[in-house]
Every structure is written in structure tokens, then in C-alpha cells.
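The values are calculated or read from the model by the stated rules, or taken from the named source; none is laboratory data. Everything quoted here is computed from the prediction, not taken from an experiment. Please note: Cβ atoms are built from the backbone with ideal geometry, for glycine as well, and neighbour counts cover all protein chains shown. The area values use the complete protein model at the heavy-atom level, side chains included, leaving out ligands, DNA and RNA. Shrake-Rupley method; radii C 1.70, N 1.55, O 1.52, S 1.80 Å.
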Amino acid sequence: MDVIVIGGGIAGIATAYQLRANGHRVCVVERHATVAQGATYGHGGSVLPSPLDVWFGPTFMQTRRAAKTGILFKPGFNSDTREFAKQLAQLQDPERFTGQYAALRPLVEMSRDVMTDIDSRYALDYEQRTGVLHVFRHERDLELAQSAIALLQRYETPHRMLTPGECVAAEPSIPDDPPLAGGVLLGDARTANCPLFTKLLKQLLEDGGVQFQLGREVTAIRADAQRAAVELGPRAGEVDGKGRKSRDVELIGADAIVVAAGTGTPALLATLGIRLPLHPLRLHTLTAPIAYEERAPHITVVDSVKRITMTRINQRMRVTGGAVLESVAKAHKPMTESMTRRALALLGQATHDWIPGAAKVSAARAWDGIRLVSPDGLPVVSPTAHARLFINAAHGPAGWGIACGAAKVVAAMVSGITPEVPSETVSALRMDRF
Ligand SMILES: Cc1cc2nc3c(=O)[nH]c(=O)nc-3n(C[C@H](O)[C@H](O)[C@H](O)COP(=O)(O)OP(=O)(O)OC[C@H]3O[C@@H](n4cnc5c(N)ncnc54)[C@H](O)[C@@H]3O)c2cc1C
């Protein structure tokens, strides 16, 4: 079949990889001049989410104070955003959290297998490192995380509970003063460079015959029983016969279309009247040179409750978090300076608290990007009412490894093959669950 994938982030590129592996002719359309320029660019390094990393669960949205939770919650008068936060907060309940993670777990395992397979085939170097230490400042935080820790035991995820002293011994860049309550060491958990991985995969796809339409924006999708097509807007700088900005629209047809367009997904689906309750969440990163080599962590340190990840990537520290949850309308506008300052201050503070002296924060480069999150924390990997249209989106802030497994599921759906995950997981990922 001819399949068009909309989006050149990790979700789109991984989808193209799986579709190609299933023998389809694939074309990826990306509005930027190259791939990995959206949320994929800003990754914090973690490859696969453990129960401690998923964007729902016991420590999420406990209180609205950013200093405690690491989340700037600014819904204003927007009732949709309040309702969205309320729904996610319901997954703090240990039973609901456990059920939801159980649905996600097979996708995490598939994602791990897909990445292992890619690693063994191509031996790509995308700055992989091993070892993630979740740290907890207060006893109460550690108690809150118990249902997530119980899941590590239940799924036999290799981990060690560490006393404060053992945390400092495992990662000497963590100071023992102020005191901490303890930590969880995930010795096998990996971090890596997501945009680099995406670009390397894109190169493999190009060599394998996948077409790329870069610098092209899909302005609408058309789908009927016979065929599907995307409308492409004019290329940047394209002019008509009179030298004016071109308004020409090009149509490319295909047997199937996969929308993997990150935050662009809702607008594209809306052209077909499809609406999903996905909400944008803005995340920040600081990338700073290592200040003092002897103080730089050799494993990734995560402030587990604030969800701030501090990852060493070669000679740089990447600090990620500072989530901002505001209304959909506001999320798509540039943030105010004071909000940006507050979000970045959370990252600076975490760096100061957990790895003082490791990063030269004054020389850091700041970046922010938006991720789509669903009200039940799971991605949307789904067929639609249009037989030729599929979705692979909303993997959330812990989504890049997941995107690789989700790609295999969606490629199976496109190919008419039963996905290799339990039917409960397939149902939990479908768009009609909302
Ligand atoms: C700051 C930050 C830190 C993160 N840290 C982590 C982490 O540590 N671990 C983790 O697992 N995940 C992390 N995530 C989440 C992870 O990066 C995302 O889940 C993942 O990158 C999603 O990839 P995507 O392909 O769905 O989206 P994107 O990377 O946003 O890709 C979507 C692409 O579609 C293109 N597009 C959209 N609309 C159109 C259109 N109409 N026509 C053509 N092209 C279009 C966009 O230009 C974009 O390139 C983080 C996210 C952010 C923002």
C-alpha cells in the first residue's frame, strides 16, 4: 500500500519505520525543513517510562503549588482545563493508577523490544547511558509514590530502594545536606538523545526508499472509502505567476494516512470533524555546559515528585521539567515572560538542590515545547471511523520510547494485522475510549 505519515517527530519516523518493515511504500510529510523539530527536539533523555515516570499516578497534581509539584497550573477561568486536570488527578487513586498502568505496560514492553531490535540491527550511537535515580526529598513524597514502587515490584522491573546514604553513594553529586528521604535506583533504565535517534532512523529510512516531503504543511486531510489524500500548502517562499505568495494546494493520494503530527494532530483531525479531548502541556529544558567535571552526575537524577530530570549528555547537562498547564488557547500562544521565568526557575532550583556545581546554569540554553496529553494519560493509537485514517499521537511527556512501540501497533492496524499487544491494551489506546 501507499501510506502517508504526517509528522516528522519520533512518532512519525518510528511509524514510517514500521510501515516500511511491513512492506508498504511510505511518504513522510513534515512542515519543518528537517525532522525532530517539535517536542522530539526537547526531550529530557528518558527512553521508557517506568511507573514512576508516567504522566499520571500517585504523585501527579497533589497540590497546586508549583514549588511542591513542579507544575504551574494556570487554568484561569477555563473549565475544560480544570476538568482535564481533575480527570488526570483521579488516577492518583492507587487502584485506578494500577489498572491504567497495567493497560500501558504491554506497550512499554513492546517499545523496549522494538528499540532493542533497532539497536541490534544497526548499532546506532545516540548517546545512550544507563542508570536513573529517582530521589525524594520528604518521607511523605516517598509514601505517596508507594503504588508506583509496588508496580516496579509487580512487573519485576530491576530496581533498588536506597536510603539517603545509599543515594549519595550511588550518585556522589547529590549533597547529603539538606537531608533527603531516599531514592529508587533503576539500574537498567536508559537515557539517550531522542532527536539524534530520530535523525539516524530517518537516514536509514531514506536509504531504504521512504520518501520525505520536508518543508511541506498538510493543510487538510481527505478520506473516503476508495482513497485518502492530503492537501499540501505551498512551499515556503513559493510565488505564483504574478510574483505573489502562492496559494496553490497540492494533493497527494494514498491508500492510508497516519496522523502522527504531535500538537498539530487535533487541527488536522478537525478537518474531518474528529475531535479528541487531548490537552497541550508545555515543558521546558535547560541545556548547560558541565561546570565542574567532578560534580557532574554519572547517572540520571530525577526529582520524582516535581518530575524534573537531570541528564548528562556528553559534555552537557539537560534539565527538563517545569510543566505549565493552561487553557488550550493560551498554550498555543507564546508564554508570558514571568511564567517562563517561573518555569525555568524550577529547573534552576532543582539543579541547585540535587546536583549543585554540575551545570553552568548561567550559560544554559532554554527551550520549551508542547506535548499533547490525554485525560487518562495514555496515548491515542487508533483506527478512526474513516477506514483509511489512523492516529499515533499524544504519547505525553514520557513518550519517545513509547512512540516506537506505538508505531508497531499502528503499523499493524494499517496492515490489517492483529497488533502484538493484549486486546485490553488495544482498547485502552483507541480513540473511541473517550
Ligand atoms: C521539553 C520536553 C521534554 C521531554 N522529555 C521527554 C523524556 O525525557 N522522555 C520521553 O520519553 N519523552 C519526553 N518528552 C516527550 C516526547 O518528546 C514526546 O512524547 C515525543 O517527542 C512526541 O513525538 P511526536 O512525534 O508525537 O511529536 P513531535 O516531535 O512534536 O512531532 C510532530 C511533528 O509533526 C509536524 N507537524 C504537525 N502538524 C503538521 C502539519 N499540518 N503538516 C506537516 N507536519 C506537521 C511537526 O512539525 C512536528 O515535527 C518531552 C517533551 C518535551 C516537550
Discussion item. Against the conditions (1) part of a strand (DSSP E or B); (2) not assigned by TED's automatic domain parsing to the domain that holds A363, where does G241 fall short? Just the number, please.
Written reply: (1)
Practice prompt. Within the stretch 164-171, identify whether any single residue is within 24 Å of H298 (Cα to Cα), open to solvent by 70 Å² or more (accessible area, probe 1.4 Å) and either within 16 Å of the ligand (Cβ to nearest atom) or touching a helix residue (DSSP H, G or I) at 6+ places or on another chain (Cβ under 6 Å) (or both), and answer yes or no.
Written response: no
Worksheet item: Mind checking whether some residue in the stretch 174-194 is buried (at least 16 other Cβ atoms within 10 Å of the Cβ) and assigned to a helix (DSSP H, G or I)?
Response: yes
Practice prompt. Return yes or no: is A148 farther than 30 Å from L200 by Cα, touching a helix residue (DSSP H, G or I) at 6+ places or on another chain (Cβ under 9 Å) and open to solvent by less than 10 Å² (accessible area, probe 1.4 Å)?
Written response: yes
Worksheet item: Of all residues in the stretch 5-31 being in a loop (DSSP other than H, G, I, E, B) and within 6 Å of the ligand (Cβ to nearest atom), which is nearest to A228 (Cα to Cα)?
Response: G7
Worksheet, complete the sentence: Considering residues that are more than 13 Å from the ligand (Cβ to nearest atom) and either open to solvent by less than 10 Å² (accessible area, probe 1.4 Å) or in contact with a helix residue (DSSP H, G or I) (Cβ under 9 Å, 6 or more places away or on another chain) (or both), the number found within the stretch 282-300 is 5
Discussion item. Among the residues of the stretch 400-422, are any within 14 Å of the ligand (Cβ to nearest atom), open to solvent by 30 Å² or more (accessible area, probe 1.4 Å) and touching a residue at least 40 places away in the same chain (Cβ under 8 Å)?
Written reply: no
Worksheet, complete the sentence: If you go through V258, V239, V249, the only one that is open to solvent by 70 Å² or more (accessible area, probe 1.4 Å) and either under 32 Å from the mean Cα position of the chain (by Cα) or under 18 Å from T15 (Cα atoms) (or both) is V249
Worksheet item: Does I391 meet the test of being open to solvent by less than 20 Å² (accessible area, probe 1.4 Å) and part of a strand (DSSP E or B)?
Response: yes
Fill in: Every residue from the stretch 151-161 that is aliphatic (A, V, I, L, M) and open to solvent by 10 Å² or more (accessible area, probe 1.4 Å)
M161
Worksheet item: Of the residues that make up the stretch 45-59, is at least one away from the ligand (no atom under 16 Å from the Cβ), closer than 30 Å to R365 by Cβ, not in a strand (DSSP E or B) and not assigned by TED's automatic domain parsing to the domain that holds P234?
Response: yes
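Any idea how many residues of the stretch 32-44 are more than 15 Å from A394 (Cα to Cα) and either assigned to a loop (DSSP other than H, G, I, E, B) or within 6 Å of the ligand (Cβ to nearest atom) (or both)?
8
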